[in-house]
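Laboratory data are not the source of any read-out in this text; all were calculated from the coordinates shown. Only a predicted model underlies this, so the values are computations on that prediction, with no experimental measurement involved. In this analysis, Cβ positions are derived from the backbone assuming ideal geometry, glycine residues included, and neighbour counts consider all displayed protein chains.
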Amino acid sequence: MTAAHHHAGSGVTPKLSPNQTKILGCLREAGEPMSAYAILDRVRKSGIAHPPTVYRALNDLMKKGMVHRLESRSAFIACGHGACDGRFAFAICRACDKVVEIPLGKKEQARLLGLAPAEITPEQVTLEIAGLCEACRPAQAAPA
C-alpha cells in the first residue's frame, strides 16, 4: 500500500506532507504498534529529528483516518482498512502485539456511546480487547 492511501467511499486521496509520508511509511513497514519515540528512532536518518514533528504528523494522520492510536499501548498503527472513518475497535494480542481492526457499525458505536453516564457528553469510543491470538495460544498453554 502506498502513502497515497485511498479512502473507500470518500473518493478522495488525502494529500500528505513529506513528514506524514515518511511516518506513515514507517508504520506500514513495521506492521506492528509503535510508540512515537520508536517511530522517531526509525525516521531520524530521513531528517525528522524532534518529537514534536512526529507528534504533529501523527495527529494529522489520525485526523485523516490513516493512523490509529492504541490507547492501552500508547502506540500507533497504520490503518489496515480503506474506509477509515474512526469507527473501529481493536483486538490486541498481549503476547506478540498483533492488532486486528474490528469495524464498528453506526449502531454499535451508538450503543457504546450510550453507555456514558448522563454527566458526561460522549465524543468518541475507544474499545480495545486484549487476549491471545491463534498463533500465541498454544505457546501460552504449553507447560514451562
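Compare the peptides 104-116, 39-51 by average per-residue count of other Cβ atoms within 10 angstrom and give them in order, highest first. Write down the numbers at each step before the final one.
Values: 104-116: 12.3, 39-51: 14.5.
The peptides rank, most packed first, as 39-51, 104-116.
When the Karplus curve 6.51 cos²θ - 1.76 cosθ + 1.60 is applied with θ = phi - 60°, which whole-Hz ³J(HN,Hα) does each residue of the range 37-53 get, with x for Gly and Pro?
6, 5, 4, 4, 4, 6, 9, 4, 5, 8, x, 8, 10, 10, x, x, 5
Between Arg44 and Arg137, take the C-beta separation as r, use R0 = 35 Å, and let me know the FRET efficiency to the nearest 0.05. Walk me through the intermediate numbers first.
Numbers: r = 37 Å, r/R0 = 1.05.
Calculated transfer efficiency: 0.40.
Through the Karplus equation 6.51 cos²θ - 1.76 cosθ + 1.60, θ set to phi - 60°, convert the phi angles of the range 67-81 into ³J(HN,Hα) values in whole Hz; use x for Gly and Pro.
Values per residue, Gly and Pro as x: 9, 10, 9, 9, 4, 5, 10, 6, 9, 10, 9, 6, 5, x, 10 Hz.
Specify which residue in the list Gln124, Ala135, Cys93 is farthest towards the positive end of the charge dipole of the range 88-141, using unit charges on the beta carbon of Lys, Arg (+1) and Asp, Glu (-1), about the Cα centre.
Looking along the dipole axis, the top candidate is Ala135.
Taking only Cα atoms of the chain, what ratio of Rg to Rh do you get with Rh as the Kirkwood inverse-distance radius?
Details: Rg = 16.8 Å, Rh = 16.6 Å.
Value, to two decimals: 1.01.
Just list whichever of Lys22/Lys106; Lys64/Lys107; Lys64/Lys98 have alpha carbons separated by over 30 Å in the model shown. Provide the component values of the computation, followed by the final result.
Numbers: Lys22/Lys106 32 Å; Lys64/Lys107 23 Å; Lys64/Lys98 23 Å.
Exceeds cut-off: Lys22/Lys106.
Within the range 59-77, which residues have the backbone N less than 19 Å from the label spot 7 Å out from Ala116 along Cα→beta-carbon, could you tell me?
Label zone hits: 63, 69, 71-72.
Can you show me the helix-derived [θ] at 222 nm for the chain, built from DSSP H runs with n ≥ 4 at -39,500 (n - 2.57) apiece and divided by the number of residues, rounded to the nearest 500.
-9500 deg cm²/dmol, from helical runs alone.
I'd like to know which of Ala30, Pro51, Ile77 lies farthest towards the positive end of the charge dipole of the range 18-78, counting +1 on Cβ of Lys and Arg and -1 on Cβ of Asp and Glu.
Toward the positive end, the furthest listed residue is Pro51.
Return the ratio Rg/(2.2 N^0.38 Å) for the range 18-78, where Rg is computed over Cα atoms only.
0.96
Magnitude of the Cβ-charge dipole of the chain, K/R +1 and D/E -1, about the Cα centre, nearest 20 debye? Before the final figure, lay out the partial values.
On the way: 18 positive and 13 negative charges, 74 e Å.
Result for the chain is approximately 360 debye, rounded to the nearest 20.
I'd like the Karplus ³J(HN,Hα) series for the range 106-113: coefficients 6.51, -1.76, 1.60, θ = phi - 60°, whole numbers in Hz, and an x wherever there's a Gly or Pro.
4, 5, 5, 5, 4, 4, 5, 5
Listing Val100, Val54 from the residue with the fewest other Cβ atoms within 10 Å to the one with the most, what is the order?
Values: Val100 13, Val54 25.
Going from sparsest to densest Cβ surroundings: Val100, Val54.
Going by amide H atoms built from the backbone, whose H comes under 5 Å of the H on Gly80, apart from near neighbours?
The answer is none.
Return the long-range amide H neighbours of Leu127 (sequence gap of 5 or more, or a different chain), with a cut-off of under 5 Å between placed amide H atoms.
Phe90
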